[in-house]
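Below: the structure, in structure tokens.
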Amino acid sequence: MRDVIKSLLKKEINLHDVLENVTRTGLLYLSCYFPIFTLILAYNVYNYSGRFLHPFLQKVLAELFVLFFVFYFFLLLAFLFERPKILVGVFLGAFICYGVIYFLSLCLSRLFTGQLNNVLVIIEYIPSTYLFVKSGRALVSLWESFFLLVAPFASAIAYYSILYKKVVKHFYKINGLISLPLYGLILYIAIPILSQQKSLLMQDIFVNSYLIAKQSEAIGEKVSQRESKALRKLIDSKAIWISSHYPLLRLEQRSKSPNHIKLPPQTNIVLIVLESLSALNTEFNKFYPYKDVNVTPFINDLMSESLIFPQFFANTDYTAGAEVALLCSIYDSYRYTKPLGSIMRNKTKMGLLCLPKILKEKGYKTYFFNGYKETFDNKHIFMRINGFDEMITLEDFGKVKTLKWGVPDKILYKKVLDTLEDSPKPFFTLIVTVGSHIPFEVPHKKFQIFPEDSLYHKYLNSLYYSDQSLAWFIKEAKKKSWFDKTLFIITSDNGQNIFHEEEGITQIMRLMKTHRVPLLFYSPGYARIFKGKSDTLASQVDIAPTILDMLDITVANPFVGKSLFDSSSEERYVFMMSWPDHYFWMEDNCLYDLNHDQVYKMTVDNCNLTAMKLKQKVLIMKKVINKLIVANKIYPMDKRDLWEN
């Protein structure tokens, strides 16, 4: 080392040699990370390039990155073992087999469905893409760990390669020695995933086209006149239906009940969607063993000052489905029709009519606040297309200490208050929190009212943090000039299927824990009308029609929900979906489980509906709505088509 320093001081090292070796070392350094870069790039292309690329190109490009990842592996082996012809030959053989699988997928799609569009679905289940989608999230989350693991080693090589050309001469061998362990780590992540789901994988690869063709929701299948009539009767038998091509389009015929609520024009609306809060967690019941500890003290106090709906349910069991239901009053059955996807992620640009767009046309400023990344589930596209003027997400918070799923609730609420301070118009604001999302972190120990010794206790602690953050927000909002002219609607995206003890928990108990969520209408400025309790059976798809009803806004719409204050609704029902493929229907004290073809009584009162009758309703709602989603026949992209027949 002393001799090296002396030589540097005497300037005996040729500058040209130094630059040459620095360049080579830089290439070495980057190539060491190439396996990780390719998969991370593929992961991001697959999930987040929807705004730039056609879905077919999006998936093919991601697939090419995966192929390049595999090719690079063979190239490293070729240089390490100095057998390039054999190894490259093996790769080319594998590549040809891979191409044959693609070609067969294309042919099967054409054979069974008569359309080539279905190849988009099949591409997602080719082995490499399946592997990469399942392990992609883990790779991205482990990226920093890989960097910390390899960077010091690569930096040491960089240092010595400047001084000794011998190291640089063995560029590819060194590259292989560094990169191959990274491939090992990737396989370490991927192999358990494949072994756990081997049978499912084989089914998806070889019989996927046949399964899709057998489903009534297959791409391109039209909705019959009989199906349209059955769906319309189920949704609203008194509506004026205005389109044959868009079976859900109608003009509602509302009847004002004695307890109908009408808001003054230009009333501000703040819709708060709390993460993972089940209604059961706001009640002291047999599922909650701690009778002396309340995890939602503020929400419980707020209920006494609000109009509450104890029989309110989430239509789905995930956040994006809840957002679609709340804003657009449509069931995201697309999510549960394996192997398609979800409206927000896969049908981002389909024709919908959503609440923010309607209110925006009526002079409202519309805001969306969420503590997570704006690109998650393609929200950056979906929310803007469907009417939000401003989106405030994780990227807008600068350097703040985040939880696993993003910005803590209190920081999110502070951003809301700062943003709404100078709003020149009446506003509609959607706030979606992440503070109580699994793995249920809390930002400070003072919110750990239970020891963090189990997932259940962590869940309760996160709910307590969410409750206290909401308390702070309402307290601070009371100081604002807009507070008395604002209606706060507080609910949840879904509950969590987590219990203190698993023994004796039935399927119905799990359903209630996952789908029954709180609903509060809170407005001190209109305290006289927003107080008490309503036993109306309702779900998330009823929120958008209710807000329009209270503001006395009537538009032709494709909503499947009904206003909570519409007395003309003869039948109240709830349609619910749970992953992976469970469907439920609740009506008139009856709960029907499609998967087990069984009817349950919700209370001691009688249930007078048969399984056969309820099954027909579930199948109509499930199949016909999904056909309309697939065919993009919910709402016309061009408004000139609104009144065609």
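The values are calculated or read from the model by the stated rules, or taken from the named source; none is laboratory data. Because the structure is a prediction, the values reported are computed rather than measured. Methodologically, a virtual Cβ is constructed for each residue, glycine included, from the backbone with ideal geometry; neighbour enumeration extends over all protein chains shown. Remember, those area values only see protein heavy atoms, side chains included, never the ligands or the DNA or RNA. Shrake-Rupley method; radii C 1.70, N 1.55, O 1.52, S 1.80 Å.
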Open item on the list: Could you check the stretch 385-440 and list, in sequence order, the residues that are within 16 Å of the chain's Cα centre (by Cα), basic (K, R) and surrounded by 17 or more Cβ atoms within 10 Å (Cβ to Cβ)?
Closed with: none
- [ ] Go over the candidates R528, R640 one by one and state the one that is in a loop (DSSP other than H, G, I, E, B) and either of a type in the set (S, T, N, Q) or at pLDDT below 90 (or both).
- [x] R528
Task: Qualifying residues in the stretch 572-630 (those that are open to solvent by 20 Å² or more (accessible area, probe 1.4 Å), aliphatic (A, V, I, L, M) and in contact (Cβ under 8 Å) with a residue 60 or more places away in the chain) - the one nearest to C328 (Cα to Cα) - done: V630
Task: Tabulated pairs, the stretch 236-250, first within 19 Å of C354 (Cα to Cα) and of a type in the set (V, I, T), second at pLDDT 85 or above and surrounded by 22 or more Cβ atoms within 10 Å (Cβ to Cβ), C-beta under 6 angstrom, 6+ apart or interchain - done: I242/L249
Task: Cross-chain or 6+ apart pairs with Cβ under 6 Å, the stretch 258-282 first and in contact (Cβ under 8 Å) with a residue 40 or more places away in the chain and acidic (D, E), then part of a loop (DSSP other than H, G, I, E, B) and open to solvent by 10 Å² or more (accessible area, probe 1.4 Å) - done: E275/V434; E275/H437
TODO: Taking only the stretch 488-528 into account, find how many residues are more than 18 Å from L463 (Cβ to Cβ), open to solvent by 10 Å² or more (accessible area, probe 1.4 Å) and touching a strand residue (DSSP E or B) at 6+ places or on another chain (Cβ under 8 Å).
DONE: 4
Open item on the list: Suppose we filter the stretch 576-632 for residues that are under 21 Å from the mean Cα position of the chain (by Cα), in a helix (DSSP H, G or I) and closer than 20 Å to Q507 by Cβ; how many remain?
Closed with: 1
TODO: Filter the stretch 352-372 for residues that are open to solvent by less than 10 Å² (accessible area, probe 1.4 Å) and within 14 Å of the chain's Cα centre (by Cα) and give the result.
DONE: N370, G371
Task: Selection within the stretch 471-482 - of a type outside the set (S, T, N, Q) and open to solvent by 10 Å² or more (accessible area, probe 1.4 Å) - done: A471, W472, K475, E476, K478, K479, K480, W482
Task: Selected residue (criterion: farthest from T366 (Cα to Cα)) from residues of the stretch 453-478 that are of a type in the set (D, E, K, R) and modelled with pLDDT of 95 or more - done: D467
Open item on the list: So S568 ticks every box in (1) open to solvent by less than 40 Å² (accessible area, probe 1.4 Å); (2) within 19 Å of V624 (Cα to Cα); (3) modelled with pLDDT under 90 but one. Which box is left unticked?
Closed with: (2)
Open item on the list: Looking only at residues that are basic (K, R) and within 12 Å of the chain's Cα centre (by Cα) in the stretch 373-384, which one is surrounded by the fewest Cβ atoms within 10 Å (Cβ to Cβ)?
Closed with: K373
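When the stretch 227-238 is examined, which residues are found to be at pLDDT below 85 and either buried (at least 17 other Cβ atoms within 10 Å of the Cβ) or among the charged types (D, E, K, R) (or both)? Spell out how you get there, then give the answer.
Keep residues of the stretch 227-238 that are at pLDDT below 85, which gives 237-238.
Selection gives K238 alone.
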TODO: Select from the stretch 385-424 the residues that are closer than 18 Å to E374 by Cβ, touching a strand residue (DSSP E or B) at 6+ places or on another chain (Cβ under 7 Å) and polar (S, T, N, Q) and list them in ascending order.
DONE: T393, T419
- [ ] With the checklist (1) among the hydrophobic types (A, V, I, L, M, F, W, C); (2) at pLDDT below 95; (3) closer than 16 Å to L274 by Cβ in hand, flag the one item L302 doesn't pass.
- [x] (2)
Open item on the list: Contact list please: Cβ distance under 9 Å, first residue in the stretch 345-362 and over 19 Å from D332 (Cβ atoms), second residue open to solvent by 10 Å² or more (accessible area, probe 1.4 Å) and among the β-branched types (V, I, T), pairs at least six apart or on different chains.
Closed with: I358/I553; I358/V555; L359/I553; E361/V555; K362/I553
- [ ] Residues being open to solvent by 20 Å² or more (accessible area, probe 1.4 Å) and touching a residue at least 24 places away in the same chain (Cβ under 8 Å): count how many of those fall in the stretch 443-470.
- [x] 5
Open item on the list: If I filter the stretch 536-554 for residues that are among the charged types (D, E, K, R), within 28 Å of N386 (Cα to Cα) and more than 23 Å from the chain's Cα centre (by Cα), do I get at least one hit?
Closed with: yes
